[in-house]
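Have a look at the structure below before the remarks.
The values are calculated or read from the model by the stated rules, or taken from the named source; none is laboratory data. These figures come from a predicted structure and were not determined experimentally. Using ideal geometry, Cβ is built from the backbone for each residue, glycine included, and neighbour counts are taken over all protein chains shown. Just so you know, the surface numbers come from the protein's heavy atoms only, side chains and all, with ligands and any DNA or RNA stripped out. Shrake-Rupley method; radii C 1.70, N 1.55, O 1.52, S 1.80 Å.
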Amino acid sequence: MEKSNAAPNVLVIHGPNLNMLGQREPEIYGHQSLEKINARLTAQGAKLQLRVETFQSNHEGEIVEQIQQAAVKYAGLLINPAAYTHTSIAIRDALALLDMPVIEIHLSNIYKREPFRHKSLICDVVTAQVSGFGAWGYTLALEGLEKLLP
Ligand code: DQA
């Protein structure tokens, strides 16, 4: 499929407690701060000719609202819903409305951790999942998302 000329907008949503990356359980989530991850994504996006915007919230409703707005503003979405992955039907339902490539991402391998993390409520409404690569996973996920854009 031909790519269009305008640089597509891509949204990256980070869920609760991801603002604490770097300080938060570094043995699980690594030492990189969210600011660093976002800066790397923005730079990578520029190389891929994507405009990357990032959003973090600790509030479920705010994340739902961002997903709803994504439908009109963005060509693709990368989302780490963090703990809401395992609990939020509201976020799942909002994602199910989107008609665009959506990549679910987790820093840790959620399937190697506590049983309550093994279930993702969004895995069957997203396009693909990246789990267990640490901060590097965001780079992989953006690269994969770019390939899926119309
Ligand atoms: C996480 C995994 C979740 O289980 C956890 O609640 C998080 C982060 C990850 O990126 O590995 O906050 O989504």
- [ ] State the Cα centre-to-centre distance between the stretch 35-100 and the stretch 136-150 in whole Å.
- [x] 13 Å
Task: Listed residue pairs exceeding 31 Å between alpha carbons, taken from K112/K147; K36/K147; K47/K112 - done: K47/K112
TODO: Roll a 1.4 Å probe over the protein chains and send me the accessible area per residue for the stretch 1-91 in Å².
DONE: 53 Å²
- [ ] Give the relative contact order (percent, whole number) for the stretch 9-148; include only Cα pairs under 8 Å separated by 6+ residues.
- [x] 27 percent
Task: Selected from I37, S120, N80, residue furthest toward positive end of dipole (the chain; charges at beta carbon) - done: I37
Open item on the list: Sorting check: for 40-48, 8-16, which peptide has the highest mean count of neighbouring beta carbons within 10 Å, and how do the rest follow?
Closed with: 8-16, 40-48
Open item on the list: Please compute the volume of the convex hull spanned by the alpha-carbon atoms of the chain and report it per residue in Å³.
Closed with: 97 Å³
- [ ] Compare the peptides 20-28, 95-103 by average per-residue count of other Cβ atoms within 10 angstrom and give them in order, highest first.
- [x] 95-103, 20-28
- [ ] Would you mind checking which residues have amide H under 5 Å from L78's amide H? H placed 1.01 Å from N; only 5 or more apart, or other chain.
- [x] L11, V12, I13, I103
Open item on the list: Computing the accessible area with a 1.4 Å probe over protein heavy atoms, can you report the carbon and sulfur percentage for the stretch 9-148?
Closed with: 53 percent
- [ ] Work out from phi, with θ = phi - 60° and the Karplus expression 6.51 cos²θ - 1.76 cosθ + 1.60, the ³J(HN,Hα) of each residue of the stretch 33-39, listed in order in whole Hz, and give x for Gly and Pro.
- [x] 6, 5, 4, 5, 4, 5, 5
Open item on the list: Taking each pair of distinct Cα atoms in the stretch 10-61 once, what is the resulting Kirkwood hydrodynamic radius in Å?
Closed with: 11.7 Å
TODO: Starting at the first residue of the stretch 109-117, write each ³J(HN,Hα) from the Karplus equation 6.51 cos²θ - 1.76 cosθ + 1.60 with θ = phi - 60°, in whole Hz, x for Gly and Pro.
DONE: 7, 4, 7, 9, 10, 4, x, 5, 8
